[in-house]
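Right, one structure below, let's go through it.
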Amino acid sequence: MSYTLGIDIGTYETKGVLVDHDGRVVAQAARGHKMLVPQAGWAEHQPEEDWWGDFVFVCRAILEESGVAAAQIKAVACSAIGPCMLPVDSSGTPLMNGVLYGVDGRAVAEVRELTNRIGAETIIARCGNALTSQSVGPKILWLKRHRPEIYANTAHILTSTSFLVQRLTGEVVIDHYTAANFSPLYDVATQSWVDDLADDILPLDKLPRLLWSDEIAGHITAAASEETGLAVGTPVTAGTIDAAAEAFSVGVDQPGDMMMMYGSTIFIILCAANPVSDPRIWYAPWLFAGEHASMAGLATSGTLTHWFRDHMARDLDAAEAFPALAEEAASSPPGANGLLLLPYFSGERTPIHDVNAKGALFGLNLTHTRGDMYRALIEGIAYGTRHVTDTFAELGQKPTRLLAVGGGTKNRLWLQATSDITGIDQVVCDKTIGASYGDAFMAALAIGAVSRGDIAQWNPVSEFIEARPDAAYEENFALFRRLYEQTRDIAAALT
């Protein structure tokens, strides 16, 4: 028997899976960690502990649980949250905490300055994306200005996946899908690093070597073998961002396929026949040469349900809280008895790109219950999601198939409300393990053990969620849009 290993570092948890050549799960392991918020608007991880430490723990746990010999693992692939910004020295040692993706808004001034200096239209034309809190380039410039001593000692800027691959193989690489988020340092037409748009951010030789996700980056070193238990010489792929691996895990592979990832954030990926550049969404080359993807993401989704549980449902046992809250919310009708929630508790990413946006629960009166509020929370996330899917439709990118993935698919209220509010049916595949399963499939693909179409056999569709439109949702979605517009200036003034 031969096996492949996939490990994914998420915002709050690391998951790993060992899979045989037919896609059967042999062993799984997970380990939790925290997102650090050292000050409002910042978001960080500790790379040695949260990324590498978790990888080693999960890897060894899987080897122990499965009893599989390391030599039988024929390839490894990893993914992680992204895009992140991590400066390392010449030995690959992190010089600070990893700065997370779009939930970290520390580089607002640099985003504004670079946009004004280069020009928004030029950035879109060359980079495929507007500069936002998701962009790594402005965060590197922030590092140069605010942590000059760290910048001076930086040998490479890595992202989370790059850091893992470097620890495993000694190779400093990054996949094109992730690299496209390093605007304005990546040109989507030439698919290469560039510095002609802003030559004061970073010398290009400090950026990783570019690869496609199905390419082998290197092989397990003796040092990595000693820590992880993996066999020396085992191939390791270039990896990618967790959302892309999650999409791949359920067969998002053809133009028109869309993934809706229900996680700590909502993340959407649409495989597209051609590149589409619009400041409201993101573009990147897909995981393979010559293919394209359009993306979008909310800043706060599953994280918001945890916030509500921790602060509004302390009387409930943590393990049973979500089913209990869903039951309470089920007694509230569509529209949550006149409550509206803006889910912008960490600002917002697509399509409004407003780091100053604030969360709000509007319309409260003395008759409202916790069930009404929890339903309003779920509906608020779904309204934010509809704002994104409507934007895709305006750009001529309606999905032909929508595949729901992630831990949030267990929240039936959330899943059904999203279909009802967006008007889009969803399918759920048999295995909802997520990105780590997509990593295991990518590892098998990289060594020629499977073809891309085999994912349909590895992970067949098991459930269909049919949209059930409701007039209350249509009315409240219009009010949701107005509520943000009419409170935007107040929210900005509160910062």
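Numbers below:
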{"item": "Ser301 within 23 Å of Cys127 (Cα to Cα), crowded, with 17+ Cβ neighbours inside 10 Å and within 14 Å of the chain's Cα centre (by Cα)", "result": "no"}
{"item": "All positions within region 349-372 that are within 15 Å of Asp489 (Cβ to Cβ) and either out of contact with any helix residue (DSSP H, G or I) (no Cβ under 6 Å at 6 or more places or on another chain) or outside the structural domain of Thr418 (by TED's automatic domain parsing) (or both)", "result": "Ile352, Asp354, Ala360"}
{"item": "Unique match (being surrounded by fewer than 19 Cβ atoms within 10 Å (Cβ to Cβ), among the small types (Gly, Ala, Ser) and under 28 Å from Ser249 (Cβ atoms)) among Gly119, Gly67, Gly92, Gly102", "result": "Gly67"}
{"item": "Residue among Leu114, Leu141, Leu210 that alone is under 29 Å from Ala435 (Cβ atoms), assigned by TED's automatic domain parsing to the domain that holds Asp54 and under 26 Å from the mean Cα position of the chain (by Cα)", "result": "Leu210"}
{"item": "Qualifying position, being touching a strand residue (DSSP E or B) at 6+ places or on another chain (Cβ under 8 Å) and at pLDDT below 95, among Asp253, Asp175", "result": "Asp253"}
{"item": "Number of the condition not met by Glu149 [criteria: (1) out of contact with any Pro (no Cβ under 8 Å at 6 or more places or on another chain); (2) surrounded by fewer than 24 Cβ atoms within 10 Å (Cβ to Cβ); (3) touching a residue at least 60 places away in the same chain (Cβ under 8 Å)]", "result": "(3)"}
{"item": "Any hit, region 439-448, residues being outside the structural domain of Met295 (by TED's automatic domain parsing), part of a loop (DSSP other than H, G, I, E, B) and free of Cβ contacts under 8 Å to residues at least 40 places away in the same chain", "result": "yes"}
{"item": "Test: Gly128 is at pLDDT below 95 and over 18 Å from the mean Cα position of the chain (by Cα)", "result": "yes"}
{"item": "The lone exception for Ser277 - which of (1) among the hydroxyl-bearing types (Ser, Thr, Tyr); (2) touching a Gly at 6+ places or on another chain (Cβ under 7 Å); (3) surrounded by 20 or more Cβ atoms within 10 Å (Cβ to Cβ) it fails", "result": "(3)"}
{"item": "Residue list for region 422-438, filter: small (Gly, Ala, Ser), in a loop (DSSP other than H, G, I, E, B) and within 29 Å of Ile220 (Cβ to Cβ)", "result": "Gly434"}
{"item": "Region 57-69, residues that are free of Cβ contacts under 8 Å to residues at least 24 places away in the same chain and assigned to a helix (DSSP H, G or I)", "result": "Glu64"}
{"item": "Restricting region 458-477 to residues that are loosely packed, with under 11 Cβ neighbours inside 10 Å and over 25 Å from the mean Cα position of the chain (by Cα), the residue that is nearest to Leu415 (Cα to Cα)", "result": "Glu466"}
{"item": "Count - residues of region 337-357 that are more than 17 Å from Ser301 (Cβ to Cβ) and free of Cβ contacts under 8 Å to residues at least 60 places away in the same chain", "result": "3"}
{"item": "Residue list for region 164-176, restricted to those being part of a helix (DSSP H, G or I) and farther than 24 Å from Ala222 by Cβ", "result": "His176"}
{"item": "For Val99: the one exception among (1) within 18 Å of the chain's Cα centre (by Cα); (2) farther than 20 Å from Lys144 by Cβ; (3) of a type outside the set (Asp, Glu)", "result": "(2)"}
{"item": "Elements of type strands (runs of 3 or more DSSP E) in region 1-56, at least 1 residues being surrounded by 24 or more Cβ atoms within 10 Å (Cβ to Cβ)", "result": "3-9, 13-20"}
{"item": "Among the candidates Ala179, Ala217, residue that is part of a helix (DSSP H, G or I), among the aliphatic types (A, V, I, L, M) and more than 14 Å from Ile123 (Cα to Cα)", "result": "Ala179"}
{"item": "Complete set of residues in region 411-430 that are under 17 Å from Asn476 (Cα atoms) and of a type in the set (Asp, Glu)", "result": "Asp420"}
{"item": "Selection count, region 182-205, where residues are out of contact with any Ser or Thr (no Cβ under 6 Å at 6 or more places or on another chain) and either surrounded by 18 or more Cβ atoms within 10 Å (Cβ to Cβ) or in a strand (DSSP E or B) (or both)", "result": "12"}
{"item": "Sole residue being surrounded by fewer than 24 Cβ atoms within 10 Å (Cβ to Cβ), at pLDDT 95 or above and within 21 Å of Phe57 (Cα to Cα), chosen from Val236, Val232", "result": "Val232"}
{"item": "Filtered residues of region 447-487 (kept if out of contact with any His (no Cβ under 7 Å at 6 or more places or on another chain) and small (Gly, Ala, Ser))", "result": "Gly448, Ser451, Gly453, Ala456, Ser462, Ala467, Ala471, Ala472, Ala478"}
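The values are calculated or read from the model by the stated rules, or taken from the named source; none is laboratory data. Since the model is a prediction, treat every value here as computed from it, not as a measurement. FYI the Cβ positions are ideal-geometry reconstructions off the backbone, even for glycines, and counts take in every protein chain you see.
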